[in-house]
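For reference, the structure discussed in these notes is given below.
Values quoted throughout were computed directly from the atomic coordinates according to the rules given, and no laboratory measurement underlies them. Keep in mind it's a predicted model, so treat the numbers as computed, not measured.
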Amino acid sequence: MSAGPAQGKWTLPGGGIEFGEAPADAAVRECVEETGLTPVIGQILGIHSNTYDSDDGIERHGIRILYAGSFAEGAPAAVSPEDGEIDEVGWFPCDALPRPLTDWAVMGVRLAGEAQLSDG
């Protein structure tokens, strides 16, 4: 659950790319930071671009890359909200997702479902 701009909404792990970092490596790093689990990154499911006003009053341009991924084993680690990024971590079946969800999470679930259908 997000503690940032989408506070109180369930979302997907994610965040910024460090200078010189590959996007897939950033996805792995952010997932580890926010869930305690290391994902195996798969294909790109979608790319989303938008501009927004950040909390510091600066207009920003965000680009989100959604990857398919899996975990070999494990469950979400206990997370500490000390850093202010997240309040809670949870795993849910797609047909029993808690609400509210961020628009990005809704799009991710739809794209992941489409990818599973095309693989099967």
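Here's how it looks for LEU45: its modeled amide H is under 5 Å from those of LEU66, TYR67, ALA68, which are all 5 or more places away or on a different chain.
Converting phi to 3J(HN,Hα) with the Karplus coefficients 6.51, -1.76 and 1.60 and the offset θ = phi - 60°, segment 37-48 yields 10, 9, x, 9, 7, x, 6, 6, 8, x, 10, 10 Hz in sequence order, with x at every glycine or proline.
For LEU37, the amide hydrogen comes within under 5 Å of the amide hydrogens of ALA77, counting only partners 5 or more places away or on other chains and with H modelled in the peptide plane.
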